[in-house]
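These notes concern the structure reproduced below.
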């Protein structure tokens, strides 16, 4: 067990990007004694599904694990039975009574109901959520007001708000229209520069990008003022009213941020080129598994329809068939996407889940861009 806190149950909603995915991949038990439960907030329907899965798991378990399973059920019962809080649309429960481990996360996004009993937390749904719900910035701006939001798991958190009163900022008496217009343009430019400065309250390395929204020309002028590092992070520009509600802004922003799939397409194309041109790459379960074990994988690419038919040795991680490992004699167990993901995480490799790429599907749905 690693140094991650054994008991975590925040009172409010938890953005999926706040969950320490890397630390959770290192949490393991010596035997199969870990229960992972993913729920919707329709408690009645979710409870029916969960009870059915738990009953099936209990029947399938060997005698030496039944006590650990029963104790873990007692541990998670309050977390399953508790009522949903405001804004909660899903709940993740990761628990192991023998390890005194219980993590409960209430999230503002929909979850597919799932119950898994294994030797470690089942994190693949969380991996997919992190991919779909990356944090991004949203700036709503016109020539007199701006509001800066950080959108986290479909919830907009307001970070900054500024405005100027152009009509009362300068007295027009005795001034020419030309001079007034010049001073007005100067005030707007200063205001936009302040908006650019306030963007620094967002960590550019920790967000997917920035959506700029608002009426008129101010949003375009702001984008032109952005430094190159921020300009490259602009996901899109939306023409909307300053009175647009934060919930509607998030819906519109999600459409822009969610349609940005260029990173995945770029990685899939890089893998194709590497395979065709003989650059460091691997494909197929056995070849990629060996490269992961050697720490040579830079990016692991998995097709969204990929499944694993093979087995893995608990001792040396050899991939193959049979009950005993032909390499070291260790016990073989079913190979899972979760195991591949954990191997990638432990060596610092990026994991990319690719949707509908014909080349990746043609080579078995799994490939890797290698470091060497």
Residue match in the stretch 145-165 (condition: more than 24 Å from residue 15 (Cβ to Cβ), at pLDDT 80 or above, surrounded by 16 or more Cβ atoms within 10 Å (Cβ to Cβ) and not assigned by TED's automatic domain parsing to the domain that holds residue 30): yes
Selection count, the stretch 55-79, where residues are touching a residue at least 12 places away in the same chain (Cβ under 8 Å), out of contact with any helix residue (DSSP H, G or I) (no Cβ under 8 Å at 6 or more places or on another chain) and either under 30 Å from residue 12 (Cβ atoms) or not in a helix (DSSP H, G or I) (or both): 6
Some residue of the stretch 265-272 being modelled with pLDDT of 90 or more, over 19 Å from the mean Cα position of the chain (by Cα), crowded, with 18+ Cβ neighbours inside 10 Å and part of a strand (DSSP E or B): no
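Those residues that are in a helix (DSSP H, G or I) and in contact with a helix residue (DSSP H, G or I) (Cβ under 8 Å, 6 or more places away or on another chain), I need them from the stretch 218-247; list them, please. Walk me through how you get there before you give the answer.
We begin by selecting, within the stretch 218-247, every residue in a helix (DSSP H, G or I); these are 218-225, 228-231, 246-247.
Within the stretch 218-247, 218, 221, 222, 223, 225, 230, 231 qualify.
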Members of the stretch 216-241 that are within 17 Å of residue 144 (Cβ to Cβ) and buried (at least 17 other Cβ atoms within 10 Å of the Cβ): 218, 219, 222
Residue in the stretch 332-349 that is farthest from residue 31 (Cα to Cα), counting only those that are at pLDDT below 75 and surrounded by fewer than 16 Cβ atoms within 10 Å (Cβ to Cβ): 334
Residue within the stretch 1-16 that is farther than 14 Å from residue 107 by Cα and part of a helix (DSSP H, G or I) present: no
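Looking at the stretch 286-298, is at least one residue part of a loop (DSSP other than H, G, I, E, B), more than 27 Å from residue 233 (Cβ to Cβ), under 25 Å from the mean Cα position of the chain (by Cα) and at pLDDT 85 or above? Spell out the reasoning first.
Taking the stretch 286-298 as the starting set, the residues that turn out to be part of a loop (DSSP other than H, G, I, E, B) are 294-296.
Next, only the ones that are more than 27 Å from residue 233 (Cβ to Cβ) stay: 294-296.
Within this subset, residues satisfying the condition of being under 25 Å from the mean Cα position of the chain (by Cα) are 295-296.
Imposing the further condition that a residue be at pLDDT 85 or above reduces the set to 295-296.
Yes, the stretch 286-298 has at least one match.
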Residues satisfying the stated conditions in the stretch 17-38, i.e. without any contact (Cβ under 8 Å) to a residue 60 or more places away in the chain and assigned to a loop (DSSP other than H, G, I, E, B): 20
Residue list for the stretch 341-369, filter: over 16 Å from the mean Cα position of the chain (by Cα) and part of a strand (DSSP E or B): 366, 367, 368, 369
Breaking point among (1) assigned to a loop (DSSP other than H, G, I, E, B); (2) closer than 17 Å to residue 18 by Cβ, for residue 137: (1)
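The values are calculated or read from the model by the stated rules, or taken from the named source; none is laboratory data. Please read all numbers here as calculations on a predicted model, not as lab measurements. Cβ coordinates were reconstructed from backbone atoms using ideal geometry, including for glycine residues, and neighbour counts include every protein chain displayed.
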